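Peer 1: Take a look at this one; I'll ask things after.
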Amino acid sequence: MVRPTTWVRNVAALFAALSAIAAAPGCSDNDCQDGCEGGFRLTIKTKDNALPAGEYTLDISLDGEEVHCAYSWTGEPKDSGGFSYFDCSWPVELTLYPVIECTEAKAGDPASERCEQVPGQFKQVVHIGRTPARIDVTERRDGVLVGERSFSPRYTTHEDECGSCDGDAQEWTLE
């Protein structure tokens with residue numbers, strides 16, 4: 001068996017991350033196995049993109065239905081691609097994404113872009129596989145309140161080759 005080099009695996013993971021981040025909110029990938037994926041995507045980050053190690057809990061209310069998500073974060077991603085996936089109660093999914101920084105390199109013609117993970121910087125991405133009218137989120141680290149916020153999504157219809165779905169994406173920067 002031929003194993004890809006660490007560099008090849010990291011580049012593949014980076015391109016996967018970029019395509020996931022760049023995807024239009026509410027639409028799935030092109031294989032159409034699951035159809036168009038609608039819902040609400042919330043990106044939670046801090047001003048400096050630091051995500052300290054600790055025991056995290058997210059209590060999320062979806063039009064009054066309570067969903068609890070808890071995870072332990074060591075400060076290091078679970079896989080070599082820099083991502084960490086955590087199980088929550090359906091319809092909530094939580095992924096920690098590395099922060100990606102891209103710079104344009106002009107070493108001739110045409111210009112190219114170089115993208116790399118920023119060491120120690122991560123953001124939380126919560127995907128809700130429904131379209132609730134009101135979403136209330138409370139986040140705690142080690143039992144201490146980190147932030148609380150309510151969202152009233154404005155869903156728009158997205159069309160792709162897999163179908164039509166409603167989605168919204170918002171960002172929350174914790175103080």
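Peer 1: Spelling out what I want: for every residue of the stretch 161-166, take phi, set θ = phi - 60°, compute 6.51 cos²θ - 1.76 cosθ + 1.60 (Karplus), and round to whole Hz; glycine and proline get x.
Peer 2: Each residue's phi maps through the Karplus curve to give 5, 8, x, 10, 8, 9 Hz.
Peer 1: A further question follows. What spacing in nm lies between the two simple spin-label points modelled at W90 and E175, each 7 Å away from Cα in the Cβ direction?
Peer 2: In this crude label model, W90 to E175 measures out at 3.8 nm.
Peer 1: While we're on this one: Report the trypsin sites (Lys or Arg not before Pro) located in the stretch 95-167 that are in a DSSP loop and have at most 11 other Cβ atoms inside 10 Å of their Cβ, or state none.
Peer 2: Qualifying residues, ordered by number: K106, R154.
Peer 1: Same structure, new question: What nm distance separates the two modelled labels at E66 and E113, each placed 7 Å from Cα along Cα→Cβ?
Peer 2: 4.3 nm
Peer 1: Mind giving me the FRET efficiency for T103 and D79? R0 is 22 Å, r the Cβ-Cβ distance, nearest 0.05 is fine.
Peer 2: 0.35
None of the figures in this text is laboratory data; all of them are computed from the coordinates on show. Predicted, not measured: the structure shown is a model, and the values here were computed from it. Glycine also receives a Cβ, built like all others from the backbone with ideal geometry; neighbour counts cover every protein chain displayed.
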